[in-house]
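*Asks:* Can you read through this structure? Questions will come right after.
Taken together, the values in this text are just the output of simple stated rules run on the coordinates, not laboratory data. Predicted model, so just to flag it, every value in this text is computed and none were measured. Here the Cβ positions follow ideal geometry from the backbone for every residue, glycine too, while neighbour counts run over all protein chains shown.
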Amino acid sequence: MQIDIITVAPELLDSPFSHSIMKRAQEKGLLHVRCHNLRNWAINKHGQVDDYQYGGGAGMVMMCEPLSNAIEHLQQTTIYDEIIYMTPDGETFQQQMANQLSMQNNLLIICGHYKGIDQRIRDLYITKEISIGDYVLSGGELAAAVLVDAIGRLLPGVLNDETSALFDSFQDNLLAPPVYTRPVDFKGHKVPEILLSGHPVKIEDWRSDQSMKRTQEKRPDILKD
Ligand code: 6GU
């Protein structure tokens, strides 16, 4: 999968994709993330990409020309399945959307800043508007990093144990069960006996039971029936 990201702050996106699973996904050639500095398409040599909003009001708006030129430049070499705008007024990102997006080949992500981007860019180019939750970030970059991480780890071959994403929290509308590692006794708190029993069927039963209990306690809203 190829993911292109248009941003005014590419430095913000250096680290998130340079470690751990995202790094391995790229090294294995399963994921290609390319960040493009919107200032390369600035309207003047001062690097201007934003301007005051018509009608007055505080805050700058990202201008049409730089975004339009950047998008059309990238479209010359790539056909995008979705052109995504990261914005707090978009559809809330959930695991199901991550699953769907992970089945695409090429994504283009636009990170907004300031008051956002000119509405005409949204009308003309954007096919999907995504928010990562009901709070406001100072720019779309961190949200884009969240999106790419959630999608990237789902690509076939990225996770070591291919089955493990299947048992993530939210994949079946259940939270993941508690997990334990050594030591068996930590300050008097013991690992549940069943996990030491070596009885795979009983352990699976215990885990699904714990998933159900945990979901009922912490997130009754996601329990379907
Ligand atoms: Cl996608 N962008 C910004 N700026 N703030 C957000 C967001 C996105 N999602 C939640 N808050």
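*Asks:* Can you tell me the relative contact order of the stretch 1-71? Whole percent, Cα pairs under 8 Å, sequence separation 6 or more.
*Replies:* Answer for the stretch 1-71 is 30 percent.
*Asks:* Report the gain in length on full extension from Gln48 to Asn99: 0.36 nm times residue separation, minus Cα-Cα distance, nm rounded to one decimal.
*Replies:* That works out to 14.7 nm of additional length.
*Asks:* Considering only DSSP states other than H, G, I, E and B, which chymotrypsin sites (Phe, Trp or Tyr not before Pro) in the stretch 35-77 qualify as loop sites with at most 13 other Cβ atoms within 10 Å?
*Replies:* Tyr54
*Asks:* If R0 is 22 Å, what FRET efficiency do you get for His19 and Phe167 from their C-beta distance, rounded to 0.05?
*Replies:* It comes out at approximately 0.45.
*Asks:* Also: What percent of all Cα-Cα pairs in the stretch 1-133 falls in each 5 Å bin, counting up from 0?
*Replies:* Result, from short to long distances: 2, 9, 18, 23, 22, 14, 7, 4, 1, 0 percent.
*Asks:* Comparing Val136, Val61, Val49, which has the greatest mean-square fluctuation in the GNM of the chain with Cα pairs linked when under 10 Å apart?
*Replies:* Val136
*Asks:* Give me Rg over Rh for the stretch 26-97, both radii from the alpha carbons and Rh done the Kirkwood way, two decimal places. Intermediate results must be reported in sequence, preceding the final value.
*Replies:* Values: Rg = 15.8 Å, Rh = 15.1 Å.
Ratio of gyration radius to Kirkwood radius: 1.04.
*Asks:* When each pair of different Cα atoms in the chain is counted once in the 1/r mean, what is the Kirkwood radius in angstroms, to one decimal?
*Replies:* Details: mean 1/r = 0.0499 Å⁻¹.
Its Kirkwood hydrodynamic radius stands at 20.1 Å.
*Asks:* Taking 28 Å as the cut-off for C-alpha to C-alpha distance, list the pairs among Lys202/Lys224; Lys187/Lys213; Lys45/Lys128; Lys28/Lys202; Lys23/Lys128 that go past it.
*Replies:* Cα-Cα > 28 Å for Lys45/Lys128; Lys28/Lys202; rest within.
*Asks:* Taking a temperature of 37 °C and a viscosity of 0.692 mPa s, what whole-number D in µm²/s does Stokes-Einstein yield for the stretch 1-66 with Rh from Kirkwood over alpha carbon pairs?
*Replies:* Details: Rh = 14.0 Å.
The calculation lands on 235 µm²/s.
*Asks:* For the stretch 169-224, what is the convex hull (Cα atoms) projected area averaged across all directions, in square nanometres?
*Replies:* Directional mean of the projected Cα hull area for the stretch 169-224 stands at 4.5 nm².
*Asks:* Take each of the peptides 42-48, 12-18, 79-85, average the number of other beta-carbon atoms within 10 Å over its residues, and list them starting from the highest.
*Replies:* On the way: 42-48: 11.7, 12-18: 15.3, 79-85: 18.4.
Top to bottom by mean Cβ count within 10 Å: 79-85, 12-18, 42-48.
*Asks:* Note down the nm distance, to one decimal, between modelled labels 7 Å out along Cα→Cβ at Asp209 and at Glu11.
*Replies:* A separation of 5.4 nm, rounded to one decimal place.
*Asks:* So which residue, out of Leu147, Leu196, Leu31, gets the largest mean-square fluctuation from a GNM of the chain using Cα contacts under 10 Å as springs?
*Replies:* Maximum fluctuation in the GNM of the chain, among the listed residues, is at Leu196.
*Asks:* Can you tell me the Rg and the Dmax, both Å, for the Cα atoms in the stretch 98-225?
*Replies:* Answer for the stretch 98-225, Rg first and Dmax second: 20.2, 62 Å.
*Asks:* If you don't mind, there's one more thing I want to ask. Once label points are set 7 Å from the Cα along Cα→Cβ at both Lys218 and Arg39, what is their separation, rounded to one decimal in nm?
*Replies:* With each label placed 7 Å out from Cα toward Cβ, I get 4.1 nm.
*Asks:* Taking springs between alpha-carbon atoms closer than 10 angstrom, which of Leu124, Leu155, Leu175 fluctuates most in the Gaussian network model of the chain?
*Replies:* Of Leu124, Leu155, Leu175, the Gaussian network model singles out Leu124 as fluctuating most.
*Asks:* Sticking with this structure for a sec: Just how far, in whole angstrom, is the stretch 1-54 from the stretch 167-219 if you go by their alpha carbon centroids?
*Replies:* What the calculation gives is 39 Å, centre to centre.
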